[in-house]
Amino acid sequence: MIKVDFNRPITVGNEFEYMRQAMQNVHISGDGAFTKKCHAFLESELGVNKALLTTSCTHALEMSAILLDIKPGDEVIIPDFTFVSTVNAFVLRGAKPVFVDVRPDTLSLDESKLEAAITPRTRAIVPVHYAGVGCEMDSIMDIAKRHKIAVVEDNAHGLFGKYKGKFLGTFGSLATQSFHETKNFSCGEGGALLINDPFLAERAEIVREKGTNRSRFFRGQVDKYTWVDIGSSYLPSDLLAAFLYAQFEQREKIQSHRKNVWNMYDVALKDWADKNGVQLPTIPEDREQAYHMFYMLLPNLDLRQKLIMYLRERGIYSVFHYLPLHLSDMGQSFGYSAGDCPVTEQVSDRLIRLPFYNDLTSADQEQVIDTIMEFNFQ
Ligand SMILES: *Cc1c(COP(=O)(O)O)cnc(C)c1O
């Protein structure tokens, strides 16, 4: 019996009303009224040059690879500890992934190992703001500029997080967001591409609309619409945009609830963690996190597995994630082997994510915390 699930999608406001309105507008394909509202919201809240909703973060990453003209033989630098889509989008264009290990504190790309991974063939660096805590962006941007390499931020976890007062997703030429069911703001499946480099904006519209200049046609900027580039269909239905916009409207409510959940775990588990050699998340002083998840690093794989089983037997669902990409079948096919990214290898064994969602009640959360504190480490 499930008492506390790991994740649960909920509606927070006008989701159904806006979907009804989208129907009433007689426009439920892409780029309707609600899609435009979502674009305007992201552009004004984040201060980005252009935002485009996509069918997923995976597809926004694929668009990034196309926009950067990634070709076979190019190398792309990816943190080893991330979701497969971060790397797959570039491998689809023929790139060779170059995995860089992560920092043991924030579990994001270790900037001190970045420069050594760069070669004349490096075309992009794709930092992932793990758990919505910003990467070391000053160092990463500085290295990228010196070597004239594009940066694409995988900001799936980090919407509204900040690094030194600046929103995550506003540093790289491009950045990608996810609105998957498991993320802070959701429409089931969805994403966005943030375009900070204005030179990529027009082509982004074309790639997203099957390689056609349809967007310009609708704006009356060209008198016919035609095939002008490669592309695919990366725009979501306006029904999904309507659902998502209702969630955007509740930004304060969603983020403040998530902040409370995160802080409650952090405060309640601190002494227990110190006593038992469990590492809680590190949030550097100069960063505002996005409150995407609460994770802990257990002392070893055996204890992590035991804790997950122990919680499950008591109706509480926790999960672990990210097997080291370099040790996957695909990673090994690119020549990687055990020992290449030692921090990721051990973090991946030790990490557990606790129940975390937009209507997790404090009663349920207390139950999770109390149960964890009764776990026997022997
Ligand atoms: C969720 C996630 C993605 C993929 O998002 P989708 O919208 O499901 O395609 C990519 N990268 C990271 C880091 C993620 O957490």
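A few comments on the model shown:
- Single unsatisfied condition, D142 versus (1) more than 10 Å from the ligand (Cβ to nearest atom); (2) assigned to a loop (DSSP other than H, G, I, E, B); (3) of a type in the set (D, E): (2)
- When D340, D274, D370, D364 are checked against the criterion of being within 29 Å of F179 (Cα to Cα) and among the acidic types (D, E), D364 stands alone in meeting it.
- Filter result (surrounded by fewer than 19 Cβ atoms within 10 Å (Cβ to Cβ) and out of contact with any helix residue (DSSP H, G or I) (no Cβ under 8 Å at 6 or more places or on another chain)) within the stretch 275-287: K275, N276, G277, T282, I283, P284, E285, D286
- Residues satisfying the stated conditions in the stretch 207-255, i.e. within 25 Å of E45 (Cα to Cα) and among the aromatic types (F, W, Y): Y234, F243, Y245, F248
- Residue within the stretch 83-90 that is in contact (Cβ under 8 Å) with a residue 24 or more places away in the chain and assigned to a loop (DSSP other than H, G, I, E, B) present: yes
- Residue tally, condition crowded, with 20+ Cβ neighbours inside 10 Å and more than 9 Å from the ligand (Cβ to nearest atom), over the stretch 58-74: 8
- Enumeration of residues in the stretch 186-218 that are more than 17 Å from the chain's Cα centre (by Cα) and within 16 Å of the ligand (Cβ to nearest atom): R208
- Test result for T122, assigned by TED's automatic domain parsing to the domain that holds T54, within 11 Å of the ligand (Cβ to nearest atom) and of a type in the set (S, T, Y): no
- Residue in the stretch 217-237 that is buried (at least 23 other Cβ atoms within 10 Å of the Cβ) and among the small types (G, A, S) present: no
- For the stretch 145-157, the set of residues classified as within 16 Å of the ligand (Cβ to nearest atom) and either among the charged types (D, E, K, R) or over 14 Å from E111 (Cα atoms) (or both) consists of V152, E153, D154, N155, A156, H157, listed by residue number.
- F160 touching an Asp or Glu at 6+ places or on another chain (Cβ under 7 Å), within 16 Å of the ligand (Cβ to nearest atom) and of a type outside the set (K, R): no
- Taking the criterion of being charged (D, E, K, R) and more than 17 Å from L193 (Cα to Cα), the residues of the stretch 64-82 that qualify are K71, D74, E75, D80.
- Residue match in the stretch 18-34 (condition: on the phi > 0 side of the Ramachandran plot and either in contact with a helix residue (DSSP H, G or I) (Cβ under 8 Å, 6 or more places away or on another chain) or of a type in the set (V, I, T) (or both)): yes
- Verdict on V98 being within 15 Å of the ligand (Cβ to nearest atom), in contact with a strand residue (DSSP E or B) (Cβ under 6 Å, 6 or more places away or on another chain) and more than 14 Å from L193 (Cα to Cα): no
The values are calculated or read from the model by the stated rules, or taken from the named source; none is laboratory data. Computed from a predicted model, the values in this text were never measured in an experiment. Note: ideal-geometry Cβ built from the backbone for every residue, glycine included; neighbour counts use all protein chains shown.
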